[in-house]
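What follows is a set of notes on a single structure, which appears directly below.
Every number here is computed from the coordinates shown, using simple stated rules; none is lab data. Given the structure is predicted, the values throughout are model-derived calculations rather than measurements. Every residue, glycine among them, receives a Cβ derived from its backbone with ideal geometry; neighbour counts consider all protein chains shown.
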Amino acid sequence: MKFVNVLLIALMLVAGAAMAGEKEIDNQNALPNAGSRAVLSGTLDENSGTYDRAYGGSVSLECASELVDSSSNGQHMEIFCIQVTDAEAIEIIVDPELTTITDTVMTLYCDPFDIADPTLNAVSYDDDGGDGLLSAFIVDDGITLTPGNTYYLVLAGYSSTHMGDFSINTSANVIECGAVATDSGSWDSLKADYR
């Protein structure tokens, strides 16, 4: 009988510990859209901002890609403020299925981006790295950014006549600026608070 009582007490202690674990708060630090590809989209038209784009250079993780001023001026463009959630290589690809612009260019800048001098603070430039005449930064380009830093992605038409809708897919570690970490809990942790 003593053995049965000891066994029952041991089982009750194990069950109590398991139940206590169930009631612990299960918070995690999560970013919006974490684990899925972000989509940046818009339209380049007569109402879009313009700039005199630069071109060339190679990838510079130190924000010193040697771009030169393009002789083609007045390109319609859109600027996206982005950050990364980790230091893994990024992908930023113009989607050919959802883009009506026939020829794009993309430039990635460190903060600050100076629209008056687009040769400064560049990480990388791409003209035709994607499908056809569309732009893309792919993992093989080796672009790794610093979490917590701000970067600017500029999408433009190759010339001032290249306008239309665009959609850009990014790797899961790229988010738009302003996305903040939030504490989120599981349904089980919420239920445990009210037992």
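Can you give the extra length, in nm with one decimal, that the chain gains between residue 140 and residue 128 once fully stretched, where that is 0.36 nm per residue apart less the Cα-Cα distance? Please list the in-between numbers first.
Working: separation 12, 0.36 × 12 = 4.32 nm, distance 1.49 nm.
Net length gain for the segment: 2.8 nm.
Could you tell me which of 169, 109, 81 has its Cα farthest along the dipole of the range 33-176 towards the positive end, charges placed at Cβ (Lys, Arg +1; Asp, Glu -1), taken about the Cα centre?
Result: 81, furthest along the dipole toward the positive end.
Mind running the shape call on the range 112-168? Use the C-alpha gyration tensor, a ≥ b ≥ c as the square roots of the eigenvalues: rounded below 1.5 for a/c, prolate if a/b tops b/c, oblate otherwise.
oblate
How would you rank 82-94, 136-148, highest first, on the average number of other Cβ atoms within 10 Å across their residues? Walk me through the intermediate numbers first.
Values: 82-94: 19.5, 136-148: 16.0.
In descending order of packing, they fall as 82-94, 136-148.
Report the gain in length on full extension from residue 72 to residue 87: 0.36 nm times residue separation, minus Cα-Cα distance, nm rounded to one decimal. Walk me through the numbers before you get to the answer.
Numbers: separation 15, 0.36 × 15 = 5.40 nm, distance 3.42 nm.
The span from residue 72 to residue 87 would gain 2.0 nm if fully extended.
State whether the range 33-176 is rounded, prolate or oblate according to the following rule on the C-alpha gyration tensor (a ≥ b ≥ c being the square roots of its eigenvalues): a/c under 1.5 gives rounded; otherwise a/b larger than b/c gives prolate, and the remaining case gives oblate.
Values: a/c = 1.62, a/b = 1.18, b/c = 1.38.
Taking the square roots of the gyration eigenvalues as a ≥ b ≥ c, the range 33-176 is oblate.
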